[in-house]
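Just below is one structure, and these are the notes that go with it.
The values are calculated or read from the model by the stated rules, or taken from the named source; none is laboratory data. Note that the structure is a prediction, hence the values are computed from the model and not measured. Cβ coordinates were reconstructed from backbone atoms using ideal geometry, including for glycine residues, and neighbour counts include every protein chain displayed.
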2 protein chains.
Amino acid sequence: MGLKQEILKLLEENREQYLSGQEIANRLSFSRTAVWKSIKALKEDGYEIDAISNKGYRLDTTCDLLSAEGIRCYLSSDYHNVPIEVHQQIDSTNTEAKKQAMNGAPHGTVILAEEQTAGRGRLGRTFYSPKGTGIYMSMILRPNLHLSQSIHVTTSVAVAICQVIERLTNQKPQIKWVNDIYLNQQKICGILTEAVTDFESGDVEYLILGIGLNVHTKHFPVELQAIAGSLNPEVVTRNQICAHLLNEILPLCEDFSHPFLLDEYKSRSNVLGKWITFIQNQQRYEALAEDIDGQGGLKVRLKSGEQMTLNSGEVSIRWR
Amino acid sequence: MGLKQEILKLLEENREQYLSGQEIANRLSFSRTAVWKSIKALKEDGYEIDAISNKGYRLDTTCDLLSAEGIRCYLSSDYHNVPIEVHQQIDSTNTEAKKQAMNGAPHGTVILAEEQTAGRGRLGRTFYSPKGTGIYMSMILRPNLHLSQSIHVTTSVAVAICQVIERLTNQKPQIKWVNDIYLNQQKICGILTEAVTDFESGDVEYLILGIGLNVHTKHFPVELQAIAGSLNPEVVTRNQICAHLLNEILPLCEDFSHPFLLDEYKSRSNVLGKWITFIQNQQRYEALAEDIDGQGGLKVRLKSGEQMTLNSGEVSIRWR
């Protein structure tokens, strides 16, 4: 880690207080001049650093840039050594993570980007990922997982994200089946989990868990304006959110089979008990969403009284 | 396509007859000198080319080098344009195919190698792939396929490979559950199907179908000598076998759901009706293999009379 990164780490760890140049120099065993040069370089990278004579340096409270150092401050000690990469711009963090996974990147590797030029969502859709406003993160996971358990990944991760948001912002997000996260009737987060597996054993070789979370996103393209929103947290930074997400999701990989998560998943559903419309095989249906089964299927009742179970991903649903 | 490839194509298409240098030059609109130079270059590549005065050139009947041109001669017209790549040496054709698939390589792309340095098999095993003696082939397939149908890929491809071998060599191979191909009680072929999918929809984005077939392999490492064998065909070349495999497998991708294949799969099983031993959770069992169900599970009856269904890949089985 270079001096610039070490200073950034100190500043992130001490967001509440000023650190004098002399103190930073002493703690890192560098000259004050070297410290001053690195502070200057950090400012050029976009960090807003308050400098007050006789008090020293502090990250501006509104400064919210993603960095491995900033995330690591809040990571639980179990995960302190996971590789974290922050790109300023990338096509898609999931695509990059898949490439790295194929080349052997270890379990827990995290790829982040300030901006995605080709962010991807479910069913071949794009994920709008403008610069500096969201968390666009992909994790390389190598759990001991059989394909038949994949639904547990989808439900557990959706629940974990809701829990993190609730804890950090006191807002209570909901889950639109399958795994879009909503806040105040607006979609703020999408999840795309891609897996590489062999058909003969059904074992997952690795999976790429992609999370796109709108944090400060304000200006959406016209087609998203009616449905998309963002978290708009007051004090929490994106680095903190990332770290809490990692702290919640990495332990899940030890065992994705927690059955109780399905209950919490259901309790956070903004679909159950509602009349929805969905399109299947080019036909439009109206139905009451009644339950979610252990395989993640959405059990609905048509107006005719007939029951159907929708399988994840095959249908696009809307509230009436 | 360069002149060398065009000449190779002509020679492969006319394996039974001699073509004079003048005829080749006329057909390809090049000078006889250019033709002669290309023939020399082909010989340097390892092609054995018989040259008889007043008759011309012909590929030696024993010459069996893999080439896109040689394969295309036998491809059905529907698949004439699939990209075919032959590497002299590669780590693993499946790994290369996965890389190319991620970069957008089209459905039907075929990667072959004369030698694999890190050929992979099921359950993390290696696949022994010595130079010039086998078919080490991976196909990039983009079928319209839900994960729940993956068993059909495994069974259909195993059956298709048996059919091709039977048609070309008049030998009747069998399938050892899940999808190893046996001839005369020796394993001659393994299949490794890897897929990339997203968990939310369960749709397969693409799959990599890897086939390793021992064609002329004679010298196996000690640990394989008791179980491995090879096809040893008399007149058929590896290019012909590859083309026939493609001709059988590519149409399957239109619809992997043919239920009748399970019957043919079962009729070719060398496990059904036999007493086997298998190891599951570190415990050794003896059982009679009774049936294969629609999900590819192997139904066995223990000595105690108890029935069990083994799921593909979880167990390693042996005949008693």
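Within region A:93-106, which residues are buried (at least 16 other Cβ atoms within 10 Å of the Cβ) and assigned to a loop (DSSP other than H, G, I, E, B)? Selection gives A:Ala105 alone.
A quick yes/no check of all residues on (1) in contact (Cβ under 8 Å) with a residue 24 or more places away in the chain; (2) in contact with a strand residue (DSSP E or B) (Cβ under 9 Å, 6 or more places away or on another chain); (3) not aromatic (Phe, Trp, Tyr):
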site: A:Ile188; (1), (2), (3): yes, yes, yes
site: A:Ile191; (1), (2), (3): yes, yes, yes
site: A:Thr217; (1), (2), (3): yes, yes, yes
site: A:Gln225; (1), (2), (3): no, no, yes
site: A:Gly229; (1), (2), (3): yes, yes, yes
site: A:Asn239; (1), (2), (3): yes, no, yes
site: A:Glu264; (1), (2), (3): yes, no, yes
site: A:Ala287; (1), (2), (3): no, yes, yes
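If you check A:Asp64 against the conditions, is it crowded, with 18+ Cβ neighbours inside 10 Å and touching a Ser or Thr at 6+ places or on another chain (Cβ under 8 Å)? Considered against the rule, which asks whether it is crowded, with 18+ Cβ neighbours inside 10 Å and touching a Ser or Thr at 6+ places or on another chain (Cβ under 8 Å), A:Asp64 comes out as yes.
Can you tell me which residue is farthest from the other protein chains (Cβ to nearest Cβ) among those in region A:172-183 that are in contact with a helix residue (DSSP H, G or I) (Cβ under 9 Å, 6 or more places away or on another chain) and part of a strand (DSSP E or B)? Among those that are in contact with a helix residue (DSSP H, G or I) (Cβ under 9 Å, 6 or more places away or on another chain) and part of a strand (DSSP E or B), it is A:Leu183. Counting only residues that are over 20 Å from A:Asn144 (Cα atoms) and loosely packed, with under 13 Cβ neighbours inside 10 Å, region A:237-262 holds 0 of them. Considering (1) under 28 Å from A:Thr117 (Cα atoms); (2) more than 10 Å from every other protein chain (Cβ to nearest Cβ); (3) among the hydroxyl-bearing types (Ser, Thr, Tyr), the lone condition that A:Thr169 does not fulfil carries the number (1).
The set of residues in region B:111-160 being within 12 Å of chain A (Cβ to nearest Cβ) and part of a strand (DSSP E or B) consists of B:Arg120, B:Leu141, B:His146.
Just one of the numbered conditions (1) at pLDDT 90 or above; (2) buried (at least 20 other Cβ atoms within 10 Å of the Cβ); (3) in contact with a strand residue (DSSP E or B) (Cβ under 9 Å, 6 or more places away or on another chain) is not true of B:Leu302: (2). For region A:267-279, the condition holds for at least one residue, the condition being that it is part of a helix (DSSP H, G or I), out of contact with any strand residue (DSSP E or B) (no Cβ under 8 Å at 6 or more places or on another chain), surrounded by fewer than 19 Cβ atoms within 10 Å (Cβ to Cβ) and not aromatic (Phe, Trp, Tyr).
Looking only at region A:61-69, decide whether some residue is in a loop (DSSP other than H, G, I, E, B), polar (S, T, N, Q) and without any contact (Cβ under 8 Å) to a residue 60 or more places away in the chain. Yes, that holds for at least one residue.
Listed here are the residues, each with its yes/no results for (1) closer than 14 Å to B:Asp198 by Cα; (2) surrounded by fewer than 23 Cβ atoms within 10 Å (Cβ to Cβ); (3) of a type in the set (Gly, Ala, Ser).
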| position | (1), (2), (3) |
| --- | --- |
| A:Glu194 | yes, yes, no |
| A:Thr197 | yes, no, no |
| A:Ile211 | yes, no, no |
| A:Ile227 | no, yes, no |
| A:Val235 | no, yes, no |
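With respect to A:Gly119, is the statement that it is crowded, with 21+ Cβ neighbours inside 10 Å and not aliphatic (A, V, I, L, M) true? Against the criterion (crowded, with 21+ Cβ neighbours inside 10 Å and not aliphatic (A, V, I, L, M)), A:Gly119 qualifies.
Contact map, region A:98-117: residues that are charged (D, E, K, R) paired with residues that are in a loop (DSSP other than H, G, I, E, B) and surrounded by fewer than 16 Cβ atoms within 10 Å (Cβ to Cβ), Cβ distance under 8 Å, separation 6+ or inter-chain. Pairs shown: A:Glu114/A:Gln88; A:Glu114/A:Gln89; A:Glu114/A:Lys131; A:Glu114/A:Gly132; A:Glu115/A:Gln88; A:Glu115/A:Gln89; A:Glu115/A:Lys131; A:Glu115/A:Gly132.
State which residue is farthest from the other protein chains (Cβ to nearest Cβ) when the search covers only region B:184-235 and only residues that are hydroxyl-bearing (Ser, Thr, Tyr) and part of a strand (DSSP E or B). The selected residue is B:Tyr206. Cβ-Cβ distances below 8 Å connect the following pairs, each with a first residue in region A:20-35 that is within 11 Å of A:Ile7 (Cα to Cα), a second residue that is of a type in the set (Ser, Thr, Tyr) and assigned to a loop (DSSP other than H, G, I, E, B), and a separation of six or more residues or different chains: A:Ala25/A:Ser31.
Any residue at all in region B:76-92 that's more than 14 Å from chain A (Cβ to nearest Cβ), part of a loop (DSSP other than H, G, I, E, B) and at pLDDT below 95? Within region B:76-92 (the criterion being more than 14 Å from chain A (Cβ to nearest Cβ), part of a loop (DSSP other than H, G, I, E, B) and at pLDDT below 95), the answer is yes, since at least one residue qualifies. Taking the listed residues B:Ser138, B:Ser129, B:Ser148, the one that is modelled with pLDDT of 90 or more and over 20 Å from B:Pro251 (Cβ atoms) is B:Ser129, with no other qualifying.
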